[in-house]
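Colleague: I have a structure here, written as structure tokens, and I will follow up with some questions on it.
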Amino acid sequence: MNCPDCGNERTRVIDTGTDADGTSVRRRRECQRCSFRFTTYERPEWQSLQVKKRGGTIEPFDRQKLRTGIERAVEKRDVTETTVTALVDDVESELQNRGARIVASSLIGELVSENLRTLDKVAYIRFVSVYKAFSEPQEFLRELDAVLDAERDDFDAPSDSQ
């Protein structure tokens with residue numbers, strides 16, 4: 001572990017303990033050159049969420065990558081940063097709550113799609129056109145028709161107040 005102050009490679013552990021929830025190890029360290037003290041946290045890699053891509057490769061879950069995809073979909077739409085953060089939090093929480101260590105990228109896409117569909121229809125269309133890798137205009141049109149049909153059904157539904 002390199003010293004964050006002087007960059008020296010030689011540090012020693014002064015104190016070791018677990019964090020409050022017991023999921024990571026806290027180590028208090030001291031640089032042997034400059035005596036700078038700092039804390040590191042270690043957690044087992046197996047606890048981190050992994051994503052299985054379409055091609056079969058597995059990579060660590062990247063919250064920023066998820067956020068970037070959502071931001072691209074809501075670009076120039078009336079969606080706040082706070083809303084994007086909440087959406088990312090919701091998707092990540094849902095994935096964690098499933099209890100699986102490895103999740104399919106398609107599951108992440110479905111969760112984001114569901115949330116965007118209720119949040120902003122244009123952002124939803126943008127997202128699924130990339131997520132589902134539309135290669136033909138007809139695919140785009142089918143998805144757009146499905147959104148419009150659902151909106152029409154919501155509009156045409158009889159109200160209970162009559």
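The values are calculated or read from the model by the stated rules, or taken from the named source; none is laboratory data. From a predicted model like this one, the values you see are computed outputs, not experimental measurements. Cβ atoms come from the backbone with ideal geometry, glycine included; neighbour counts cover every protein chain shown. Calculation scope for accessible area: heavy atoms of the full protein, side chains included, ligands and nucleic acids excluded. Shrake-Rupley method; radii C 1.70, N 1.55, O 1.52, S 1.80 Å.
Colleague: Ignoring everything except DSSP H segments at least 4 long, calculate the 222 nm mean residue ellipticity for the chain; use -39,500 (n - 2.57) per segment, divide by total residues, nearest 500.
Modeller: Computed ellipticity for the chain at 222 nm equals -15000 deg cm²/dmol.
Colleague: How long, wide and thick is the stretch 1-141, going by the Cα atoms along their three principal axes, in whole angstroms, largest first?
Modeller: 65, 31, 28
Colleague: Step by step: find N for the stretch 56-120, compute 2.2 N^0.38 Å, then divide the Cα radius of gyration by it. What's the final number?
Modeller: 1.11
Colleague: Computing the accessible area with a 1.4 Å probe over protein heavy atoms, can you report the carbon and sulfur percentage for the chain?
Modeller: Within the chain, the accessible surface is 47 percent carbon and sulfur.
Colleague: For the chain, what is the accessible area per residue in Å² when the probe is 1.4 Å?
Modeller: Per residue, the chain has an accessible area of 68 Å².
Colleague: Here's a follow-up. Taking only Cα atoms, what is the 0 to 90° angle, nearest 10, from helix 137-156's long axis to the longest principal axis of the chain?
Modeller: 70
Colleague: To continue, here is another question. Counting other Cβ atoms within 10 Å, which GluC sites (Glu not before Pro) in the stretch 1-61 have at most 15 and lie in a DSSP loop? Intermediate results must be reported in sequence, preceding the final value.
Modeller: Details: sites: GLU9, GLU30, GLU42, GLU45; in loops: GLU9.
Answer by residue number: GLU9.
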